[in-house]
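Report on the following structure.
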Amino acid sequence: MTSEPEQQWGVGIQDAFQRLWTPHRMAYIQGENKPTGPGADDGCPFCSIPAKSDEDGLIVKRGEQVYAVLNLYPYNGGHLMVVPYRHVADYTDLTEPETVELAALTKQAMTALRTASGAHGFNIGMNQGTVAGAGIAAHLHQHIVPRWGGDTNFMPVVGHTRVLPQLLADTRKMLAEVWPTV
């Protein structure tokens with residue numbers, strides 16, 4: 001079945017593709033909620049999140065040295081970050097207790113994501129410095145991105161769009177309920 005292309009102003013050359021809009025991504029692209037400088041008092045969201053309630057801050061688990069929080073701009077549903085409370089940029093500057101708890105919460109996050117969503121695998125890592133891709137380079141954070149067989153489909157590959165099946169508040173609640181106790 002063929003159809004006439006829909007007229008869409010401002011999207012380039014008219015073609016047969018429909019468009020999915022993700023306007024919430026524009027906030028990230030334009031730098032909303034990004035620090036104005038490298039200091040903890042320069043608007044660092046990772047420093048301000050712990051002062052919020054778990055629900056408002058999307059915090060899934062609080063530890064003594066670090067906390068686990070949902071990413072506002074996730075690559076996949078359930079995309080978490082483990083973040084030290086202390087404003088520190090480089091992994092080598094973590095204290096031993098921070099390093100140990102960052103590793104422990106990463107393991108717990110994997111367990112919670114497997115329990116809650118049946119994740120088949122994970123991308124885990126951190127970008128150290130702006131040149132390495134860190135969106136907020138001044139405050140270290142480790143990403144835990146759940147993956148499933150077939151999750152790289154035509155949407156991100158061709159459409160440059162991610163389909164997230166759940167609201168962040170619902171994902172936070174689901175993961176908090178199954179977070180392992182140690």
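Hey, can you grab everything whose amide H is under 5 Å from the amide H of VAL66? Only 5+ residues off in sequence or another chain; H modelled, so Pro and N-termini drop out.
TYR85
Net charge near LEU94, counting Lys/Arg +1 and Asp/Glu -1 over other residues with Cβ under 10 Å of its Cβ?
For residues surrounding LEU94, the net value is -4.
Please turn the phi angles of segment 127-136 into ³J(HN,Hα) values with the Karplus equation 6.51 cos²θ - 1.76 cosθ + 1.60 (θ = phi - 60°), one per residue in order, whole Hz, x for glycine and proline.
Coupling constants for segment 127-136: 9, 9, x, 4, 5, 8, x, 5, x, 10 Hz.
Only four residue types carry charge here, +1 at the Cβ of Lys and Arg and -1 at the Cβ of Asp and Glu. Report the dipole size of segment 41-182 about the Cα centre in Debye, rounded to the nearest 20.
Once rounded to the nearest 20, the dipole reads 520 debye.
Please list, in chain and number order, the residues 5+ apart from PHE122 or on another chain whose amide H is under 5 Å from its amide H, with Hs placed from the backbone.
Residues meeting the criterion, in which the H sits 1.01 Å from N, are ARG147.
Values quoted throughout were computed directly from the atomic coordinates according to the rules given, and no laboratory measurement underlies them. Note that the structure is a prediction, hence the values are computed from the model and not measured. For neighbour counting, all protein chains shown are included, and Cβ atoms are generated from backbone atoms with ideal geometry for every residue, glycine included.
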